[in-house]
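Below: one structure, written as structure tokens.
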Amino acid sequence: MTETAELSFVRRYVFSTDHKVIGKQFLFTAMGFFTIGGLLAILMRTQLAWPWQEIPIIGPLLYGEASGNILPPESYPALVTMHGTIMIFFFIIPILSGALGNFLIPLMTGARDMAFPRLNLASYWLMVPAFLLVLSSFLVTTGPASAGWTSYAPLSILQDAAPGSAMGQTLWVLSLMLVGTSSLVGAINYITTIVMLRAPGLDMFRLPMTIWALFITAILVTFATPVLTGALILMFFDRSLGTLFFAAGEGQVILWQHLFWFYSHPAVYIMILPAMGVASDVISTFSRKPLFGYKPMVYSIWAIAGLGFIVWGHHMFVSGMNPLLGITFMTSTMLIAIPSAVKTFNWLGTLWRGNLQMQAPMLNALAFVSTFVIGGLSGIFSAATPVDIFLHDTYWIVGHIHYVLFGGSLFGVFAGVQYWFPKMFGRMMSNTAGIYHFVITFVTFNMIFLPMFYLGAFGMPRRIADPYQYEMFSGLQGTNQFMTYALFVLAAAQLIFAFNFFYSLFRGKVAGKNPWKANTLEWTTDSPPPLENFEEIPTVYRGPYEYSSPLVAADYLPQDQYVDGTESPRGMPAPAVSPAAGD
């Protein structure tokens, strides 16, 4: 321990093997890419609101006089491609699985560090060249990838199919290979740590829901990611060596879609399951009640993960698949609503008659639940093959995926970051600023994405830079302008969050060990935790949600607090001196 404490600044904070430092590296990097992805969204929506008009200041800076200071028509597909790619692969997955996963797993399981600290170091530094590759694609002369974030063949394998199909698309492929490798390395570490390094008494059914969610997410990553990585290698060969795996005619164009969605539908749950775990912990803590239906919640996550592997074909109903196969995918997609509904009703059961504390983390967790429900219900419409054929290429699907991944994952991120910020940095974020940020974000989010269902029902196609060239869509421009104004306000609200975050890093109120009076193990150590997390490895006596327990006077009962007359873990003797209730 002394030797580790004497490491240089670079070894300690840059090339660190400390899971907490690596988690923070993922956090800050992901926040940077969230900013980039958001700016791309603003450019897309500005084009849809006022097509082919110059944007003051931004137009001359980004587009130049060669295009008349307006967005070149061929650049719109690149905006769509890079917005989706960055938000999914470089923001949501890194911040939920990378940042929260790395920081929380050892702390919430009572471990000193990850099972393989050097492998953990590699998981972040494999991402660094991926970051550089995807950013450098904006600088190549032909522009960034423009085949869509799904990069369907044959558009993605032909070097001259569209601007961005040359070096930009190759850089896209290489960066995602590295992202997949990093995810796989991290997942192996997560699974091993949770299975092998849990504190004494911490049985699997005493794990917090955040750890269960990250554990099952890691299993999804382990089974799904190699499929995408292998498909990307084949695409790279098609582009660089002249092979014909996905070529039209000689190869199998549809094969890419099967391989991509076999990964990417489980990836939806890779992006949403950690947020479900965060919401479960936050809602229980701020309701001051035990989580309703703990074991059904665990089983429902397993069910969602298992069914997630057999529904990928619902993304391909318009590809000409056998109708019988389509019915199979349609049925399995509808079935996945059942475990999702179990989780929703259990969250409501936790809230029922609880002592609700409406602080910023709780508000964001409740927003996660409400927007996830809307996203899920809209997905049931799309699960029906006859309906999806009409809705698939419209803004209905854009609204659906954003309610799941923005409304779901991003509100989960806001809840998790504000909940665990005191443990990460030893200071409290401003609750007042957090509430202002939440209210503006929640209202403007719905102002942006709820009208997309109207646009989709009207038939407005996605990925089109100027839908008003078709007379039937000319009346929709006002709706798009309304949504764009709301996006400007939404973007401004994120400045409140950013200011609150960075100001609180240095000037926030100093947090104690357990400012939320929560039960899980990370709140039993200092804020921020010491190098090896705990002075002594804690012993666990109960589950993580013993709020308002009759055994103690306080309204919370930490997992490591022994109470006279209760069962000791795994037959271990009771401690000689039991801590006082509420200490």
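Side notes on the structure shown:
- For segment 1-80, the helices (runs of 4 or more DSSP H) that sit wholly inside it and include 1 or more residues that are under 19 Å from the mean Cα position of the chain (by Cα), under 22 Å from residue 164 (Cβ atoms) and touching a residue at least 12 places away in the same chain (Cβ under 8 Å) are 19-49.
- Restricting attention to segment 293-310 and to residues that are in contact (Cβ under 8 Å) with a residue 60 or more places away in the chain and aromatic (Phe, Trp, Tyr), the residue that is nearest to residue 519 (Cα to Cα) turns out to be 294.
- Exactly one residue out of 320, 313 is touching a His at 6+ places or on another chain (Cβ under 9 Å) and either in contact (Cβ under 8 Å) with a residue 24 or more places away in the chain or not hydroxyl-bearing (Ser, Thr, Tyr) (or both): that is 313.
- Sole exception among (1) surrounded by fewer than 22 Cβ atoms within 10 Å (Cβ to Cβ); (2) part of a helix (DSSP H, G or I); (3) more than 19 Å from the chain's Cα centre (by Cα) for residue 249, by number: (2)
- Sub-6 Å Cβ pairs linking a first residue in segment 127-140 that is over 17 Å from residue 79 (Cα atoms) to a second residue that is surrounded by 14 or more Cβ atoms within 10 Å (Cβ to Cβ) and of a type outside the set (Val, Ile, Thr), at least 6 apart or interchain, are 127/182; 129/178; 130/175; 130/178, ordered by first then second residue.
- Count of segment 412-459 residues which are small (Gly, Ala, Ser), surrounded by fewer than 19 Cβ atoms within 10 Å (Cβ to Cβ) and farther than 21 Å from residue 378 by Cβ: 2
- Single residue of segment 396-411 satisfying the filter (within 28 Å of residue 528 (Cα to Cα) and hydrophobic (A, V, I, L, M, F, W, C)) that is surrounded by the fewest Cβ atoms within 10 Å (Cβ to Cβ): 410
- When restricted to residues that are more than 26 Å from residue 445 (Cβ to Cβ), touching a Gly at 6+ places or on another chain (Cβ under 9 Å) and without any contact (Cβ under 8 Å) to a residue 40 or more places away in the chain, segment 466-511 contains 1.
- Count of residues meeting criterion [touching a helix residue (DSSP H, G or I) at 6+ places or on another chain (Cβ under 7 Å), of a type in the set (S, T, N, Q) and more than 23 Å from residue 439 (Cβ to Cβ)] in segment 497-523: 2
- Residues that are in a helix (DSSP H, G or I) and crowded, with 18+ Cβ neighbours inside 10 Å within segment 460-475 comprise 467, 473, listed in sequence order.
- Top-ranked residue of segment 282-319 - restricted to ones that are touching a Ser or Thr at 6+ places or on another chain (Cβ under 8 Å) and not in a helix (DSSP H, G or I), ranked as surrounded by the fewest Cβ atoms within 10 Å (Cβ to Cβ): 288
Table: residues versus (1) touching a His at 6+ places or on another chain (Cβ under 9 Å); (2) part of a helix (DSSP H, G or I); (3) at pLDDT 95 or above; (4) not acidic (Asp, Glu).
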{"position": "434", "(1), (2), (3), (4)": "no, yes, yes, yes"}
{"position": "443", "(1), (2), (3), (4)": "no, yes, yes, yes"}
{"position": "446", "(1), (2), (3), (4)": "no, yes, yes, yes"}
{"position": "449", "(1), (2), (3), (4)": "yes, yes, yes, yes"}
{"position": "457", "(1), (2), (3), (4)": "no, yes, no, yes"}
{"position": "479", "(1), (2), (3), (4)": "no, yes, yes, yes"}
{"position": "488", "(1), (2), (3), (4)": "no, yes, yes, yes"}
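- Selection within segment 30-75 - at pLDDT below 85 and farther than 19 Å from residue 168 by Cβ: 54, 55, 56, 57, 58, 59, 60, 61, 65, 68, 69
- Some residue of segment 114-135 being β-branched (Val, Ile, Thr) and under 25 Å from residue 211 (Cβ atoms): no
- Per-region count, segment 532-566, residues assigned to a loop (DSSP other than H, G, I, E, B) and more than 30 Å from residue 17 (Cβ to Cβ): 20
- Scanning segment 330-364 for residues that are buried (at least 22 other Cβ atoms within 10 Å of the Cβ) and assigned to a loop (DSSP other than H, G, I, E, B) yields a count of 1.
- Looking across segment 230-246, the residues that are surrounded by 19 or more Cβ atoms within 10 Å (Cβ to Cβ) and assigned to a loop (DSSP other than H, G, I, E, B) come down to 245, 246.
- Among the residues listed as 264, 378, the single one being polar (S, T, N, Q), in contact with a His (Cβ under 6 Å, 6 or more places away or on another chain) and either surrounded by fewer than 18 Cβ atoms within 10 Å (Cβ to Cβ) or part of a helix (DSSP H, G or I) (or both): 378
- Among residues of segment 337-360 that are touching a residue at least 12 places away in the same chain (Cβ under 8 Å) and closer than 16 Å to residue 545 by Cα, those with a beta-carbon under 7 Å from a residue that is assigned to a loop (DSSP other than H, G, I, E, B) and among the aliphatic types (A, V, I, L, M) at least six positions away or on a different chain give the pairs 350/291.
- Considering residues of segment 493-522 that are closer than 17 Å to residue 201 by Cα and not polar (S, T, N, Q) only, the residue surrounded by the fewest Cβ atoms within 10 Å (Cβ to Cβ): 522
The values are calculated or read from the model by the stated rules, or taken from the named source; none is laboratory data. This one's a predicted model, so the numbers in the text were calculated from it and none came from an experiment. A quick note on method: Cβ atoms are made from the backbone with ideal geometry, for glycine too, and the neighbour counts reach across all protein chains shown.
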